[in-house]
Structures are given as C-alpha cells and as structure tokens.
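Structure first, commentary second.
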Amino acid sequence: MKDRSASPPPQQHPGSGSGSTPGRLMSRSGSGPAPGPSQAAVLEDLVPASSPVTPRELTQNPLKKIWMPCKNGLPEKHISQRKVCMTNCPTLIVTVGLPARGKTYISKKLTRYLNWIGVPTREFNVGQYRREYMKIYKSFEFFRPDNEEGLKIRQHCASAALNDVRQYLADEGGHVAVFDATNTTRERRMTIVQFAEQNGFKVFFVESVCEDPLVIQQNIVQVKLGSPDYTNCNTEEAVVDFMKRIQCYENSYQTLDEVLDRDLSYIKVMDVGRRYLVNRVLDHIQSRIVYYLMNIHITPRTIYLCRHGESELNIKGRIGGDSGLSTRGKEFAKHLGQYIKTQGISDLKVWTSQMKRTIQTAEALDVPYEQWKVLNEIDAGVCEEMMYEEIQESHPLEFALRDQDKYRYRYPKGESYEDLVQRLEPAIMELERQENVLVICHQAVLRCLLAYFLDKTAEELPYLNCPLHTVMKLTPVAYGCKVESICLNVEAVNTHRERPEVGITIYYCTHSTKLLL
Amino acid sequence: MDSEDVIMETGSRELTQNPLRKIWIPYKNGLPEKHTFQRRVCMTNCPTLIVTVGLPARGKTYISKKLTRYLNWIGVPTKEFNVGQYRREFLKIYKSFEFFRADNEEGLKIRRQCALSALNDVRQFLTVGGGQVAVFDATNTTRERRGTIVKFAEQNGFKVFFVESVCEDPEVIAANIVQVKLGSPDYINCNTEEAVEDFMKRIECYETSYQPLDEVLDRDLSYIKVMDVGRRYLVNRVLDHIQSRIVYYLMNIHITPRSIYLCRHGESDLNIKGRIGGDSGLSARGKDFGKCLGKFIEEQNIKDLKVWTSQMKRTIQTAEVLGVPYEQWKVLNEIDAGVCEEMMYEEIQESFPLEFALRDQDKYRYRYPKGESYEDLVQRLEPVIMELERQENVLVICHQAVMRCLLAYFLDKGAGCKVESVCLSVDADLTGSLVSITGNANIMGRIHLKVTTSFSLLSEMNPDLNSNFCSAL
C-alpha cells in the first residue's frame, strides 16, 4: 500500500567508502531507455556500498524490525528492503484503443493493484482533463477529426496530463503513472515515447482491441451512460452520440503493429482477454503487470469475505493463537451456511486459512473448501495469545509504536500489515482469476483483502471495521466494487480497536532505549 | 478422478491436527479422513498435457525440461516425455537425416509408433501414476498430428496446452545446434561439420510440412507461442490456474548466459552454540568468511552482480562486509522453527520427542509447531526463483534450509524425488562454502556446478569439502 500523501523519496546518500556506481544498478542491459543521471539518485531499495575495510554496524529499526546500517549512531536513511518496483526509473503505462474498449477499467484496476502491492501509482485520465477544461460536453462533433478547435483542446489536455505525469514521477515519489487516453495514432504515441525518453521514464503500452458489438454495447450501457458527459441525455440519445464518437476515431486508428512497433514494449489484449500479444517485456514491474492483466476478467461474479466464527481466544480477549470456535462461533457457522444457501450461488469456491477456527467454520457449510496457509492471521510474534492490556504492560514501546504506524509496524518475531499484503498477493491474484468465492479468514487478513477491493490506503487499512459474524459481499460494478455488509445476527465480542485519538509520537534513537515523547 | 480436495460429507465434523504437517483435517470414528484440503498449486481436477510445437533446434526440449523442473519444485507432479528418446531407444542407431524425410514411409511409421508409445506412457502417468502434468516433447509441426493429440486428451479427460517455439534467427539456431545437438547420441560418431550439415538437412525435412499455430484456424486451442527466444509471445485461451502459472514462468525465463551464486551467511553466534533459528549476529569467523567472500566476488569480476540477503541480521552483516549494494528479501528468511526456535537439537529431542521423531520421518513435509516446513518454504520462495529466472548475475546470501530449497530447484531435486533435497550436505561443516551455478543453455536442464573453496579459512577447516559436497548431489 502506498500512502496517497506521498512524500518525496529520501535522497541518495553518497555511500561511504567505495560507493555504488550507477552502471551496476541498471536492470537487464540492452533494452529500454537508459535512466538519466537524475534517476540513478532515486534509489530506496539499494543500500549504498560501505567500505569493505570498515563494515558498518547494523541497527534494527524499532518499527519495522528491519536491520539497517548505521553510522555515528544514526541509521543511514536507506532501508534496503526489497521493494516490488525494482526499476530504477519510473514507468509510464500508456493505454491504447478505441473508446469503450475498457481502457479506463484496466487503468483503474491496474492502479489499484499496484498501489496495494506497494508501488506508488496514479492514473491520469485525459478525458477528465477535457471535462475540467470544457465544463460542458455538447456532442460527438467535438471529436471529429476535422474539428480544429477540438483537436487543439485535446492536444492541450494531453500535454497538461503529461505535465502532471512528469511531476508525479519526478518530484512526488510516484513509481508508475498510467496515462489513460485513446492514443490511437502512431504519431501521438511517438510524442509520448519522446516525452518519456527525455525524462528517463520507461514506457509500456497496454492496448485493448475488441470488435464484439455485444461487449462494446455493454460497456457503453454500464459505464458511458453514467458519465458526466451524458448527464442530460436519455439512454437512446447517449448511445447514438457515443457510437458516433467512436466512429470519429476509427479512420485514424493505427493499432500497435507487429513490425512497425516491434521495438516498443507492450501488451495487446484482444477480445477481453481471450488472446494476448506481449512484446519486449523489459523488467520486473512490466512482467507483473502482464501477469495481472492476463488474470483479470469481466465476468460478473460475487466475492464473499468474512471472518471465522467467534473463537475461544476471542472471548478471552487474546490475540492470535489457534483456538477453536466458541458456542456462538459455531452458531454463526450454521447461520453462514444458511445464508450461503439462500444466495443460490453456482459453483461457489470456499477458501479458509489453515487455522482451526476458519476450518471449523467452513465445516459447517457442508461444501468442499480449500485451505490456504497464506490466509493465516497476522503473526503477532512474541505477543501471540496476549491481551492488549498485557502487551501494553510488558511491551510498552511496542504498543506505542504500533499505534503510531499500524500498517508498517512489525511485531517482534512476527509480521506487519505490510508483510501481510505481500503474503496475500497470490490470493488476490487467484481471486481475480476465479468467479464466485467465499473467503473465511481473519481480522487483519480481511482488512488487507478489503483494502484491495475498496482501494483503501495504507493509513486506512489497519482500521477498517471487520466485525465478527458479518459477511462482506463484493460485486464488481462499473469501475469499482459495490460492498454490502451483512450481519448474521449472532452475538460476538468486539475485537476492533479504533485509531487512537491523541497520537503519541515515538522518537527513537536506536543506540539507546530512551523513550522521548 | 483423483480429486483429493473434495469432500461430500454432511454436518460439521470434528477436526484433528495431523501431527506431521500440522494441518487440521476432519475425522470420523476417531480416524482422520483421507482427504487433506490443503491448497495445491494445481487446482484443476483434470490433469494437463503440455504439448511442444516447433521445428528442430527451437528450444523445445530446453523448455520442456525447465518447465518440468519448475512444476515439480512447486509441488506439481510433472514428467516429460521426449519422443526423440523413444525413437533412439527403438532404433538404437541413427544413420542420417534420411530417416526424417517426408517420403520415408518406414521412417514415418516408426516415428508414429514412437509418438503413440510416448502418449501411452503419458496416459499411464496421468491416470494411475499420480502425475498432474505431462510434457509431450516433440516437433508436432502438423495440424494433423496435433489433432490426434487433442483427441487423445479428450478421450482421457486431459486438458491440453500447446507451447510453440518459433525462431528464424540463424545465429540462435546455429548456437543451439552447436551447444545441444552435437553432443546428442545421434551424432556420437560424427565430426562437427558432418553433424551440423546433417542436422540442417534434418530441419529441412520438417520445414515444408510445418503448420505453425494459426490465429484463426487454431483459435479454439489453448497455447502460448514463444517468438524469437522470448522477445514476443502470443497467448491464446488460458483456461486455468496452472496454465496461467506456466505462461508466467515461460515469459520470465531467458537464455542469456549468467551465473548464480548461493551461499549461507557467515558463521553466527547461535551456530557456535549449536542452536537453530534466531536472529543472531556473525561470529569472528563469520566475519572472516564475509571478507573472503568479498575477495572472491571481486576476483570473479562479475558484471552487474545483484546481491540479495534475507532480513535476518547474519545475512545482512555478511553482505555489509562485501561493500556492494544489496537488497533484503523477507521471504529469504530462514525456516521458522516455531516453538523450537533457538533450541539445540538435543533439547528438542528431550522436550519434544514426538516432534523430533516426526521430523526425521519426513523432513520435507514436517512442520514445526507454530512454524514452517520445507514444503512451506518452497511456496514462500517461489517469487525468489521467478525473479532469479528474470535476473542475470546474482549472489544470494541466505540460510541452510532456504539454500537447500533453492539448490533443489536448480539441481532438479524436487520433493517429487522425495527427501533427497533435504539431505544435501550443506550443513554446519560447509558454512563457508559457496555454490556457483552457471546457467548455460547448452547444457539443457543440467546445471554445471562449480563448488569453490578458495577461502583459505575453509580449506584449512575441511580439505575434503569438494568431494563431500559433490558426492551428496
């Protein structure tokens, strides 16, 4: 998860001793634009070299429990933790395709996914820029290729968007920008490639090609009719106008070509994912993007998320552990089974963790289920099976640190929410592949999964309210997800802790254990 | 159908925890139900038949072997069936390319026979042999032959996924021939020139009848077309999870020559005390190892070496001594010994005799209470392997159990081959050893293993290092 209020990344320290050479930090050689000198400076992931003669001491960051080199008693600013985005240069993803081909759907989904796995990403929708500039949309005539005025404005909007892209990637700590527009001519795409080269960004095109009239029709109905452009039109008018809008682009559409565009990096998605053409994937992040795009689909389906029934340890107010269900928990399981039956879902897959309480819950459902170890609750390390009051008493520093940054806080010998997200990524990927699924998991796990579907930030994630005995029903709708919270009316303890109102900030000096408040 | 994952019982059953794997399973009448519901990678109920397609010298066997190794490592029982092997076993002696001429009736008959024989073994492996995926490695260059295979699969309830390799770069093909074909049993008695000439003519025999997978004619098949050694891919109708994983894997591998270096952290304070796990720092000797390692790395003069460590102090300290940039991966952390963390083996045997015995019984699947198993480790390490495939020169500084899992992937000693992967003699004696794995496309699937003992410290400690290590493999 990336903070949406991103601060610029820490500046590169010149390493002590032998220092790191920019050349060593490049990803696979021979392809893609070389990072400019300014880009080599933005390296959160690599620890600058120390001198072999006097290796640096290590100190463990109290929040994340990461070992970092320190100098003169102070930690070096860099954490050398592996980040997902291992490119040294930011990436510009560029959509390509006629209107109503799902470009914005893909842009938004991809942005949501990348942010969730920790890659700061933002989308830039040129249509939005146009709407802000124009205020009022009259008709498709605006998009006619012979409309000089229109062309000028659209060019202007694209430039404004690219400007914001540059700002986001160069100054605001963004790693990936998604430039969402039709970009249907080779000329326009070349302009973007040049822009990227000048700024040291890598470019990856995502083209969506589809000629199925049913799919296009559905797209228009689901997404375009609700657009601000058509607020004052009735359905028929809107559809007619939009079809003419598409036509404006068709004559000048130059699809990504196997020969002419052979040096570009791109994926061409054909017929809503039936077929893909992938060309010149340059690095890790592009490879992940391709994998993600190849796993998502638009078939309507429902995802149900819930926690196990109330457990014995829940009743005792203790965290973690591997206890069984309480009587009320078993009651919930029965209610869950009934609820699922009433939903009448075809081919429902049921997933649990490998902890007793989720499995017991599934057992009551009377259906096949699969156990996933990655769905296990967050590991509270030394605090396992303790009560919050006990933790506050025996580990006051840890307790305070957790309240300070609950997302990044890692329990001693345990995990953080940040770790959980990494662990859960394969589950999210498989959820994207699947259709109807019920996931019976745990509080922290559920928060992470929910944050993915509802596009919550790292700040919000650890405080999402996921009470026991409540089912979250998620249905994809337009560009996002509709969520319904269904309480199954079986009493349970409340395990939710609100974000503390008065933030106590811990200033820590890692060579002493003094607590400065 | 062997579907281990399905239960058809009614009502809530009692749960019991399997003592070895610590998995909760339902039981009836005091006995555990046979089924375990642990998420398996291969979530299809039907086995999958992967079918290679392509002219000779396009890397089909390289892909087959690599894919088989990967799938077995992640826990999907997979086996490859190379029709060329069947032909060599049948014919005993290879005379010349004439055997492959399109008008050689006798040859065609034999080749067809061999293909059918291989398919028969495929059927056996996937139905009663416990196999989940079979890789049918042959040219399969005609639509007719592929049609036969599709029918065969349909009759037996297998899913089919084609992997086609297309390449017209003469340099790549020449390199392939030199690296792989010259060493083939077919050309044992030929000199280089003769072999190359004969093989080129062999390729020609296939060329006229070659029907590549077609966007229109084959639009209902599931396949990936790999073009120009991975520069471009065409992916059609991926049907399920395993096919999606296969595509992802194939899109991440490359044939650029490079070296992977694997080693453990230097000796740690807990190592000295004979205790497992924990997060201690390096001992004095451990720091010395770091220095030796640094010298060694420098001498190797490796281009663009990436260095990875875990997030445990001892690997990071080792990397710090190297004086190069490094990345910390949490997934490279040592196996979690749960309640046994920081204990000595003798202590474990005393306080947890049952656990101790279970571990010896099946070390791969044994999960420490509140900890992990080697099997869990493999799942955890899969992204590392994937990224290692993407990268070029990498040094991974990790831990004993982790290193065994990574080595098992490269040396093809997956769990499918039972417990061997765990008994590699990379233990306390060899703390200071470094394993270098040079991946060469020329040695298809077989990795050339260099064990370096250029650390003066180490040679003093154990002069038999080299032989101990290699013999265990």
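The values are calculated or read from the model by the stated rules, or taken from the named source; none is laboratory data. Remember, it's a predicted structure, so these values are computed and weren't measured experimentally. So basically every Cβ, Gly included, is an ideal-geometry build from the backbone, and we count neighbours across all protein chains shown.
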Exercise for review: Would you check if there is a residue in the stretch B:97-108 being in a helix (DSSP H, G or I) and more than 19 Å from B:Pro56 (Cα to Cα)?
Suggested key: yes
Exercise for review: Within the stretch A:230-270, track down each residue that is within 14 Å of chain B (Cβ to nearest Cβ) and over 17 Å from A:Thr184 (Cα atoms).
Suggested key: A:Asp263
Check your understanding: Can you pull out the residues in the stretch A:195-249 that are among the acidic types (Asp, Glu), assigned to a helix (DSSP H, G or I) and either modelled with pLDDT of 95 or more or under 27 Å from A:Tyr276 (Cβ atoms) (or both)?
Key -> A:Glu197
Practice item. Test A:Thr302 against the stated conditions and say whether it is of a type in the set (S, T, N, Q) and under 30 Å from A:Gly480 (Cβ atoms). Key: yes
Exercise for review: Inspect all residues belonging to the stretch B:288-300 and state whether any of them is touching a Pro at 6+ places or on another chain (Cβ under 9 Å), among the hydrophobic types (A, V, I, L, M, F, W, C) and not in a loop (DSSP other than H, G, I, E, B).
Suggested key: no
Check your understanding: Among (1) buried (at least 23 other Cβ atoms within 10 Å of the Cβ); (2) in a helix (DSSP H, G or I); (3) modelled with pLDDT of 95 or more, where does B:Glu334 come up short?
Key -> (2)
Point to revise | The lone exception for B:Ile348 - which of (1) among the aliphatic types (A, V, I, L, M); (2) surrounded by 19 or more Cβ atoms within 10 Å (Cβ to Cβ); (3) in contact with a helix residue (DSSP H, G or I) (Cβ under 7 Å, 6 or more places away or on another chain) it fails | key: (2)
Revision key, fill the gap. Per the filter on the stretch A:271-285, residues over 18 Å from A:Glu432 (Cα atoms) and either of a type in the set (Ser, Thr, Tyr) or more than 9 Å from chain B (Cβ to nearest Cβ) (or both) are A:Leu282, A:Ile285
Study note, to complete from the structure: Residues of the stretch A:457-487 being crowded, with 21+ Cβ neighbours inside 10 Å and outside any strand (DSSP E or B), in sequence order, are A:Ala458, A:Leu461, A:Pro462, A:Cys466, A:Leu468, A:His469
Review point. Which residue, of A:Glu385, A:Glu415, A:Glu331, is on the phi > 0 side of the Ramachandran plot and either among the polar types (S, T, N, Q) or touching a residue at least 24 places away in the same chain (Cβ under 8 Å) (or both)?
Key: A:Glu385
Exercise for review: Would you check if there is a residue in the stretch B:370-388 being within 22 Å of B:Tyr248 (Cα to Cα), in a helix (DSSP H, G or I) and more than 14 Å from chain A (Cβ to nearest Cβ)?
Suggested key: no
Check your understanding: Can you name every residue in the stretch A:391-425 that is assigned to a loop (DSSP other than H, G, I, E, B), over 15 Å from the mean Cα position of the chain (by Cα), surrounded by 17 or more Cβ atoms within 10 Å (Cβ to Cβ) and not acidic (Asp, Glu)?
Key -> A:His395, A:Lys406, A:Arg408, A:Tyr409, A:Arg410, A:Tyr411, A:Lys413, A:Gly414, A:Ser416
Check your understanding: Hey, does the stretch A:246-255 have a residue that's over 29 Å from A:Val477 (Cα atoms), more than 29 Å from the chain's Cα centre (by Cα) and surrounded by 16 or more Cβ atoms within 10 Å (Cβ to Cβ)?
Key -> no
Exercise for review: Quick one: in the stretch A:294-313, of everything that is out of contact with any His (no Cβ under 9 Å at 6 or more places or on another chain) and within 27 Å of B:Gly371 (Cβ to Cβ), which residue is surrounded by the most Cβ atoms within 10 Å (Cβ to Cβ)?
Suggested key: A:Ser311
Check your understanding: Of the residues that make up the stretch A:351-365, is at least one at the interface with another protein chain (Cβ under 8 Å from one of its Cβ atoms), more than 20 Å from B:Glu372 (Cβ to Cβ), in a loop (DSSP other than H, G, I, E, B) and out of contact with any His (no Cβ under 7 Å at 6 or more places or on another chain)?
Key -> yes
Practice item. Could you check, for the stretch B:170-192, whether at least one of its residues is at pLDDT below 95, surrounded by 14 or more Cβ atoms within 10 Å (Cβ to Cβ), of a type in the set (S, T, N, Q) and not in a helix (DSSP H, G or I)? Key: yes
Review point. Going by the structure shown, is B:Tyr86 at pLDDT 95 or above and crowded, with 23+ Cβ neighbours inside 10 Å?
Key: no
Review point. Could you say whether any residue in the stretch A:272-284 is modelled with pLDDT of 95 or more, surrounded by 21 or more Cβ atoms within 10 Å (Cβ to Cβ), over 30 Å from B:Leu234 (Cα atoms) and not acidic (Asp, Glu)?
Key: no
Review point. Do we have any residue at all in the stretch A:156-169 that's surrounded by fewer than 20 Cβ atoms within 10 Å (Cβ to Cβ), touching a residue at least 40 places away in the same chain (Cβ under 8 Å) and not hydrophobic (A, V, I, L, M, F, W, C)?
Key: yes
Review point. In this structure, is A:Arg274 more than 16 Å from A:Val209 (Cα to Cα) and of a type in the set (Lys, Arg)?
Key: no
Revision key, fill the gap. In the stretch B:314-324, anything within 27 Å of A:Arg423 (Cα to Cα) and either in contact with a helix residue (DSSP H, G or I) (Cβ under 7 Å, 6 or more places away or on another chain) or in contact (Cβ under 8 Å) with a residue 40 or more places away in the chain (or both) is listed as B:Arg314, B:Thr315, B:Gln317, B:Thr318, B:Ala319
Check your understanding: Which condition number does A:Ile340 fail, the rest of (1) assigned to a loop (DSSP other than H, G, I, E, B); (2) at pLDDT 95 or above; (3) among the aliphatic types (A, V, I, L, M) being met?
Key -> (1)
Point to revise | the stretch B:301-312, residues that are free of Cβ contacts under 8 Å to residues at least 40 places away in the same chain and either within 28 Å of A:Ser416 (Cα to Cα) or part of a helix (DSSP H, G or I) (or both) | key: B:Gln311
Revision key, fill the gap. Per the filter on the stretch A:302-340, residues within 14 Å of another protein chain (Cβ to nearest Cβ) and under 16 Å from A:Met472 (Cα atoms) are A:His308, A:Gly309, A:Phe332, A:Ala333, A:His335, A:Leu336, A:Gly337, A:Gln338
